[in-house]
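The structure appears right after this line, and notes come after that.
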Amino acid sequence: MSEQSTTIEQLCEHEGEEVTLAGWLYQARSSGKIQFLVIRDGTGLCQCIVERGKVPEELFDGLRHLGQESALMVTGTVRADERSVGGHEIAVTDAQIISPAQGYPITPKSHGIDFLLKHRHLHLRSQRQWCIGKVRHTVIDAIRRFFNDNGFTLIDTPIFTGIVGEDQQSLFEVDYFGSPLHLTQTGQLYLESAAMSFGKVYCFGPTFRAEKSKTRRHLTEFWMVEPEVAFIDLDGLLRLAEDFVSFIVAQVLERNREQLETLGTDISALERITPPFYRLTYTDAVDILTGDKTKRFLADQLEDLKNQKQQMEKRIAELDEEQKGQIKQWKREKNAAELIELRSELSEIDARIENNPRHAELAAGFQ
């Protein structure tokens, strides 16, 4: 039986066969004569079983002392096991240590966002970030697939532009060989011209907004997809939007269910996203905004935000006091990470409290 190189996501195709995996050590534990090595290779996780006597003694000892994120190749027989991560495991018969690693800085303990951003290249290796990346890949692929399969032509609009798409005050200005230009807010104006040639077009790329914000949810740089259609009525536009969103959600559910579960996503809510969506008339929307129910909602929201702020300030004070005392280093680091998160959330709540009366005023006066 000849060995063959494969990936973790393809193990289901090789049950009972001898294969070779190349990857990095994600977790390891030992119970004397048996080692359980969890390896990741970019496509998933796999538990590899190493038994003393089944591999050379020198290799067995070498594997036992490997640190997290060591690079290695393992060879062994694939077998199904529902209890193992990914549903398959490998009974190891041989291995090659490519690059041992020691002192990997990101451990199971709590880390603050500043620490993780400083180690971003390593944080990407964590399971949560890997899951986010996989879902994002599917979303991007589904966006392109939907438009490409429905007769749209991709138009690459400029990133440097002299055209103001929206509020002129929200532009990032750059010096373009002595002339002022701006980072693009939108490709819409270019698309409107292109639609007169191609009929149905879309652009998909980076856009920039320079509005100042007091919350962490505001993005200054993001990717945006924009379609333009030369001949379409409102009903057709609504169907296009419904089909677009539904297609993306369906693709993510089909290809990333395991990642969604790891991220704690409400999958049942995603499964309910199917056309047709509930539609409001403009008059219905005005009635909702100016009605008593919206007034009560905003008032209740303000009260709830104030209660949240009070609880957070109390917790921050408790942690600050605890940090002044004699506590273990791991506890101090955990508290510091929680304080960073709490203060960030508190800043966001303060902004929402400040904006609530303005939102209530806008809703009540909407025409």
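Quick note: the coordinates plus some simple rules give every number you see, no bench work behind them. The structure displayed is predicted, hence computed values, not measured ones. Methodologically, a virtual Cβ is constructed for each residue, glycine included, from the backbone with ideal geometry; neighbour enumeration extends over all protein chains shown.
In the chain, the DSSP-assigned H stretches of four residues or longer account for a calculated mean residue ellipticity at 222 nm of -14500 deg cm²/dmol, using -39500 (n - 2.57) per stretch and the full residue count as denominator.
Among all the aspartates and glutamates, which ones have a C-alpha under 12 Å from LYS54's C-alpha, if same-chain residues fewer than 8 places away are not counted? The reachable aspartates and glutamates, counting only those whose Cα sits under 12 Å from LYS54, are ASP94.
Applying a threshold of 25 Å to the alpha-carbon distances of LYS309/LYS334; LYS134/LYS200; LYS118/LYS334 flags LYS134/LYS200 as lying beyond it.
Close amide H contacts of TYR104 (hydrogens built in the peptide plane, cut-off under 5 Å, sequence separation of 5 or more or a different chain): GLN68. A straight chain from ASP61 to ASP284 at 0.36 nm per residue would run longer than the Cα-Cα distance by 73.1 nm. Taking THR281, THR220, THR290 in turn, the Gaussian network model of the chain (Cα-Cα springs below 10 Å) assigns the largest fluctuation to THR281. Given +1 at the Cβ of Lys and Arg, -1 at the Cβ of Asp and Glu and no other charges, the dipole of the chain around its Cα centre is 1140 debye to the nearest 20. Here the label points at TRP223 and LYS328, each 7 Å from Cα along the C-beta direction, are separated by 4.3 nm in the simple model. Look at [x] 40, 26, 21; [y] 43, 21, 18; [z] 46, 32, 22: the one that is semi-axes √(5λ) of the Cα gyration tensor in Å derived from this structure is [z].
Distance from the C-alpha centroid of segment 29-86 to that of segment 185-205: 52 Å, rounded to the whole angstrom.
Find how much the distance from LYS54 to LEU154 grows on full extension, using 0.36 nm per residue of separation minus their present alpha carbon separation; answer in nm with one decimal.
On the way: separation 100, 0.36 × 100 = 36.00 nm, distance 5.58 nm.
Computed gain between LYS54 and LEU154 is 30.4 nm.
Working from label points 7 Å from Cα in the Cα-to-Cβ sense, the LEU346 to THR107 distance is 2.8 nm. Note on ARG144 and LEU270: the extension gain reaches 43.3 nm, defined as 0.36 nm multiplied by sequence separation minus the Cα-Cα distance.
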